[in-house]
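Have a look at the structure below before the remarks.
The values are calculated or read from the model by the stated rules, or taken from the named source; none is laboratory data. Because the structure is predicted, anything quoted here is derived from the model rather than measured. Ideal geometry is used to build each Cβ from the backbone, glycine not excepted, and the neighbour counts take in all protein chains shown. Surface areas here come from the heavy atoms of the whole protein model, side chains and all, with no ligands, DNA or RNA. Shrake-Rupley method; radii C 1.70, N 1.55, O 1.52, S 1.80 Å.
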Amino acid sequence: MTSRPSTSSLAPISLATLSDPPIKLIDGAAFDYFLIEMASTLRESAAFATARTKRIEAEMLEAGLIPAATPAVAQSMSKKTGGSAAGPRDSVTSLSSTRGGKSTSSSAAASAVDEEDEPLRARLETIGMHVGTCFAERLCAHRPPFDDTLEVMKFICKDVWVALFDKQVDNLRTNRRGMFQLSDALFKPIQRVSSYLGRGETIKKARLYATLPAGIIRGILATMGYSGTVVPEITSVPQCTLKVNIKLPKSEM
Amino acid sequence: MPSTLKLNAVAFISPQNHPILIRTFSKQDENTIKYHYIAHTSLDIIEERANMTGKLGDCYLGLLYSMEDVAVYGYITPLKVKIVLALALSDAVVKDVEVIMLFKAMHMAYYSAISNPFLRLESSMDSSIDQSPHILVGSPKWKNFRKRVDEIARTLGTS
C-alpha cells in the first residue's frame, strides 16, 4: 500500500481508504454495448427457458399428471425447477401464455408478440432493479437520509441520471399523490436505436432498451422502501417519458 | 499516533429490524451473546433518535448509550440499514471523526457484499426487499463480507 498523506490528522491511512473508496468509472460507450448484447442474449435465454417450460408442461399433460388447469401448473413448475433462477420466471411465462390464449384481446398477433417479449422484459427489469439497489447504496452513502418521495425523485433525476448518462433529467412533473413523470428529450440508451422497418419497429425496440433504466428507478425506490411501478413511454426516438407510480405510505398522503 | 479505539462488536440490522450480521472481536467467548442484547436495545434508541431529528437528520447518530464496559454508537444509512458499534469504554477522548470513518468503512463493506448479483438468485422476481437474503448470512456467499469486516477491525487495532 503506497503511503499518501492522510487528510485527517489522527485517523489511520488504511481506514481512510476503506471508508471512502474512490469512485470507479467506466467508459460510457461500454454501457451501450453491454445493453445491446444483453438484450439479444437475454432474448435467446428467455426463449430457451420458455421452450423448456412448454416442453415440461406438455409432458406432464400427456402423462395425465395435471388437468388442464394452468395456475396449478404454474405452482408445480416453480417447485419442479427448484432453486434455479429461471423457476419463478417460468411460472410467469406459463401464466402469461395462458392469459394470452384465453383472452380475446384486440389482436392475437399483438398479444403473441408481447408474450414473446414479456420474459425478456421481465429479466431486463429485474437486472435493472438489482443495479438500482446497488447504485442507490453507493451514491447516497454519505448523505443524510431522505425525507419523502419528492426528495427521492429529485435525487434520481439529478444524481443517478448524471452518474448513468452524464446529464440530468429534463423535466420532472408530479401530481403530489405518488405519480411522477420524468421526461427526457435525449434519452441516452435509445439515442441510436433505429430500424429499417420504420418508426413503429424502432419504437418497439426502443421500449425494450428503456426497460433497464426503468428497472433501475424501480430498484432505487424499492430500497428506499417505496413500492411502485415504472412504465416507459416512447412516442418518438430519442424522447422518452418515464411514468412512475409510487404507492405512498399513509404518513405522506 | 495510534488510534485508541478498541472495537468490541459490530451489528448490522436490516430496514425491517432483522439482524444481518453481529460480529464480535473481543477475546472472551462466553460474553458474546450480550452483544446481541446490545444490538436489540439499540434499536429502540435509534428509532427514537431518527424520528426526533426529523428533517435535519444526519446519518451518524452519535453515542446512543453506554453500558458497563462498552459505549454504543449508532449510524443509519439512507436506506434504513442500521449499523451499531460497540467500543470499549476508555478514559481517552474518542473523536467523532474517527468513529464516523469507522462507520463509513463498515457501510462500504456492506455495500460491497450486497452488490453481489448472485446473492439472491433463488428469490422471486417481484419481491420487495425482504429479509430472505439476510437470513443466509452464515452461508459462503457472505464470507467476503465477514472478511472485510474483520479487516476493518484489524486496521483499527494495528494502527
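How many residues, within segment B:75-91, are over 18 Å from B:A153 (Cβ atoms) and out of contact with any Asp or Glu (no Cβ under 7 Å at 6 or more places or on another chain)?
Here is the first cut: in segment B:75-91, the residues over 18 Å from B:A153 (Cβ atoms) are B:76-82, B:91.
Narrowing further to those that are out of contact with any Asp or Glu (no Cβ under 7 Å at 6 or more places or on another chain): B:76-78, B:80-82, B:91.
Qualifying residue count for the region: 7.
What's the number of the only condition in (1) open to solvent by 20 Å² or more (accessible area, probe 1.4 Å); (2) assigned to a loop (DSSP other than H, G, I, E, B); (3) within 11 Å of chain A (Cβ to nearest Cβ) that B:P78 fails to meet?
Going through the list (1) open to solvent by 20 Å² or more (accessible area, probe 1.4 Å); (2) assigned to a loop (DSSP other than H, G, I, E, B); (3) within 11 Å of chain A (Cβ to nearest Cβ), B:P78 breaks only (1).
Determine if segment A:147-161 includes at least one residue that is at the interface with chain B (Cβ under 9 Å from one of its Cβ atoms) and charged (D, E, K, R).
Within segment A:147-161, one or more residues are at the interface with chain B (Cβ under 9 Å from one of its Cβ atoms) and charged (D, E, K, R).
In segment B:89-107, which residues are facing chain A (nearest Cβ under 7 Å), out of contact with any helix residue (DSSP H, G or I) (no Cβ under 9 Å at 6 or more places or on another chain) and outside any loop (DSSP other than H, G, I, E, B)?
Hit for segment B:89-107 is B:V97, nothing else.
So if I check each of A:Q239, A:Q181, which one is at pLDDT 75 or above, under 19 Å from A:F155 (Cβ atoms) and more than 14 Å from the chain's Cα centre (by Cα)? It would help to see each step written out before you state the result.
Details: A:Q239 fails: under 19 Å from A:F155 (Cβ atoms).
Sole residue among the options that is at pLDDT 75 or above, under 19 Å from A:F155 (Cβ atoms) and more than 14 Å from the chain's Cα centre (by Cα): A:Q181.
Looking for whichever is open to solvent by 40 Å² or more (accessible area, probe 1.4 Å), at pLDDT 50 or above, away from every other protein chain (no Cβ under 14 Å) and not in a loop (DSSP other than H, G, I, E, B) here; the options are A:A51, A:A68, A:A72, A:A30. Which one fits? First the steps, then the outcome.
On the way: A:A68 fails: not in a loop (DSSP other than H, G, I, E, B); A:A72 fails: at pLDDT 50 or above; A:A30 fails: open to solvent by 40 Å² or more (accessible area, probe 1.4 Å).
Going through A:A51, A:A68, A:A72, A:A30 in turn, just one is open to solvent by 40 Å² or more (accessible area, probe 1.4 Å), at pLDDT 50 or above, away from every other protein chain (no Cβ under 14 Å) and not in a loop (DSSP other than H, G, I, E, B): A:A51.
Give all pairs with beta carbons closer than 6 Å in which a residue from segment A:174-195 that is within 12 Å of A:P232 (Cα to Cα) meets a residue that is exposed (fewer than 14 other Cβ atoms within 10 Å of the Cβ); count only pairs at least 6 apart in sequence or on separate chains.
Filtered contacts from segment A:174-195: A:Q181/A:R173; A:S183/A:N171.
Pick out, from segment A:145-253, the strands (runs of 3 or more DSSP E) lying fully within it that include 3 or more residues that are buried (at least 16 other Cβ atoms within 10 Å of the Cβ).
Working: elements: A:171-174, A:179-184, A:228-233, A:240-246.
Filter on segment A:145-253 gives A:179-184, A:228-233, A:240-246.
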